[in-house]
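The values are calculated or read from the model by the stated rules, or taken from the named source; none is laboratory data. From a predicted model like this one, the values you see are computed outputs, not experimental measurements. Cβ coordinates were reconstructed from backbone atoms using ideal geometry, including for glycine residues, and neighbour counts include every protein chain displayed.
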Amino acid sequence: MVETTSGGTGGCLCGAVRYRYEGDPTAVGLCQCERCQRQSGSAFLIGVVFPKKAVAIEGRLASYETSASGQALQRHFCPVCGSAISITLDRYPEIRSMMGGTLDDKSRIKPTFSVWCSSGQQWLKLPESIACYPEYPEGTFGG
């Protein structure tokens with residue numbers, strides 16, 4: 001896949017899953033909820049949000065489905081190496097949140113907010129330019 005100025009590419013650790021996205025992300029944020037800490041294996045997950053139709057994925061994804069606010073949330077990952085690739089939510093069917101660490105061009109990752117800071121690691125201090133919300137306010141990742 002070729003990186004373009006109006007989009008980019010990404011993929012998993014082993015290369016079995018690759019994707020291309022068109023345009024710029026509609027939002028870039030961090031999630032510090034306990035579920036995202038477990039999925040990312042770190043203090044937070046980096047969500048880079050695109051319209052679902054702007055992302056084309058090549059390769060097979062496995063999924064783990066759970067519920068958030070009574071609606072399904074799917075965490076998609078490579079079944080070979082386990083890399084988290086994206087999240088889709090029934091609550092916001094028009095978007096796909098790509099995992100920031102999977103973008104080939106990480107310079108595009110410029111988070112402007114963080115949600116669930118109330119669950120964050122005590123030692124983590126975010127830059128003042130990143131708005132920190134104790135829970136999940138509407139209008140951040142998907143609405």
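The residue list K110, K125 contains one member that is in a loop (DSSP other than H, G, I, E, B), on the phi < 0 side of the Ramachandran plot and without any contact (Cβ under 8 Å) to a residue 40 or more places away in the chain, which is K125. Residues in the range 33-44 include at least one that is surrounded by fewer than 13 Cβ atoms within 10 Å (Cβ to Cβ), under 27 Å from Q121 (Cα atoms), touching a helix residue (DSSP H, G or I) at 6+ places or on another chain (Cβ under 6 Å) and of a type outside the set (S, T, N, Q). Only residues that are surrounded by fewer than 15 Cβ atoms within 10 Å (Cβ to Cβ) and either within 16 Å of I85 (Cα to Cα) or among the hydrophobic types (A, V, I, L, M, F, W, C) (or both) were counted in the range 2-32, giving 4.
Here is a check on your reading of the model: is A72 over 14 Å from G11 (Cα atoms) and either acidic (D, E) or touching an Asp or Glu at 6+ places or on another chain (Cβ under 8 Å) (or both)?
Yes.
Scanning the range 91-124 for residues that are among the basic types (K, R) and at pLDDT below 95 returns R91, K106, R108, K110.
Would you pick out the residues in the range 79-91 that are assigned to a strand (DSSP E or B) and in contact with a Cys (Cβ under 8 Å, 6 or more places away or on another chain)?
Step one: list which residues in the range 79-91 are assigned to a strand (DSSP E or B), which gives 84-89.
Passing the criteria: only I85.
Conditions (1) in contact with a helix residue (DSSP H, G or I) (Cβ under 7 Å, 6 or more places away or on another chain); (2) at pLDDT below 95; (3) surrounded by 12 or more Cβ atoms within 10 Å (Cβ to Cβ), marked per residue:
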site: K53; (1), (2), (3): no, no, no
site: I57; (1), (2), (3): no, no, yes
site: A72; (1), (2), (3): no, yes, yes
site: G82; (1), (2), (3): no, no, yes
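Residues in the range 63-78 that are in contact (Cβ under 8 Å) with a residue 24 or more places away in the chain and not in a strand (DSSP E or B): C78 alone. Checked against the criterion of being at pLDDT below 95 and on the phi < 0 side of the Ramachandran plot, the candidates S63, S42, S86 yield just one match: S42. Between P79, P111, the distinction of being farther than 21 Å from P137 by Cβ and of a type outside the set (V, I, T) belongs to P79 only.
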